[in-house]
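J.: Let me begin by handing over the structure; questions about it come next.
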Amino acid sequence: MTLRTFVLYVEDRPGVLDRVASLFRRRAYNIDSLAVTRTDRPGVSRIIVEVLADAETARRMEAHLYKLINVLQVQDITLQAPLRAAK
């Protein structure tokens with residue numbers, strides 16, 4: 001099991017965070033970290049979720065997240081190189 005990081009772009013509407021959190025609750029996945037921020041696009045928010053999961057479970061999580069009506073995009077950024085500050 002690995003700590004997986006998902007970035008979700010969602011419609012900025014009431015209840016979206018509840019639907020995302022409920023999906024994890026219904027499937028008995030524990031959220032290790034959760035952050036919500038605005039984006040530069042009006043009406044779109046970013047949700048960053050960290051969950052302990054293997055590769056197959058992470059694939060299923062991503063598929064389930066895409067089924068939520070207000071989710072626009074899902075990215076599993078676990079294996080991407082971290083951003084570094086410019087010198």
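The values are calculated or read from the model by the stated rules, or taken from the named source; none is laboratory data. Values in this document were obtained by computation on a predicted structure and should not be read as measured data. Cβ atoms come from the backbone with ideal geometry, glycine included; neighbour counts cover every protein chain shown.
J.: Could you list all residues from region 26-37 that are within 14 Å of the chain's Cα centre (by Cα) and either of a type in the set (Val, Ile, Thr) or not in a strand (DSSP E or B) (or both)? Outline the logic, then answer.
T.: The initial filter retains those residues of region 26-37 that are within 14 Å of the chain's Cα centre (by Cα), namely 29-37.
Selection gives Tyr29, Asn30, Ile31, Val36, Thr37.
J.: While we're here: Tell me yes or no: at least one residue of region 38-60 is on the phi > 0 side of the Ramachandran plot and either over 11 Å from the mean Cα position of the chain (by Cα) or part of a helix (DSSP H, G or I) (or both).
T.: Yes - at least one qualifying residue is present in region 38-60.
J.: Moving to a separate point now. When Arg84 is evaluated against the numbered criteria (1) out of contact with any Lys or Arg (no Cβ under 9 Å at 6 or more places or on another chain); (2) modelled with pLDDT of 95 or more; (3) loosely packed, with under 15 Cβ neighbours inside 10 Å, which criterion, by number, is the only one it fails?
T.: Exception for Arg84: condition (2).
J.: Let me ask something additional. Pick from region 45-62 the residues that are free of Cβ contacts under 8 Å to residues at least 40 places away in the same chain and within 13 Å of Tyr9 (Cβ to Cβ): which of them is surrounded by the fewest Cβ atoms within 10 Å (Cβ to Cβ)?
T.: So, considering only residues that are free of Cβ contacts under 8 Å to residues at least 40 places away in the same chain and within 13 Å of Tyr9 (Cβ to Cβ), the one surrounded by the fewest Cβ atoms within 10 Å (Cβ to Cβ) is Arg46.
J.: Here's a follow-up. Cβ-Cβ below 8 Å, separation at least six or inter-chain, first residue in region 30-44 and loosely packed, with under 11 Cβ neighbours inside 10 Å, second of a type in the set (A, V, I, L, M, F, W, C): which pairs?
T.: Note: pairs meeting the criteria are Asn30/Phe24; Asn30/Val51; Asn30/Leu52; Ser33/Ile48; Ser33/Val49; Ala35/Ile47; Ala35/Ile48; Thr37/Ile48.
J.: Among the residues of region 44-53, write down those that are among the small types (Gly, Ala, Ser) and either touching a Gly at 6+ places or on another chain (Cβ under 6 Å) or at pLDDT 95 or above (or both).
T.: Result: Ser45, single match.
J.: Right, another one. Give the residue, chosen from Leu65, Leu23, Leu79, that is out of contact with any strand residue (DSSP E or B) (no Cβ under 6 Å at 6 or more places or on another chain) and touching a residue at least 24 places away in the same chain (Cβ under 8 Å).
T.: Leu23
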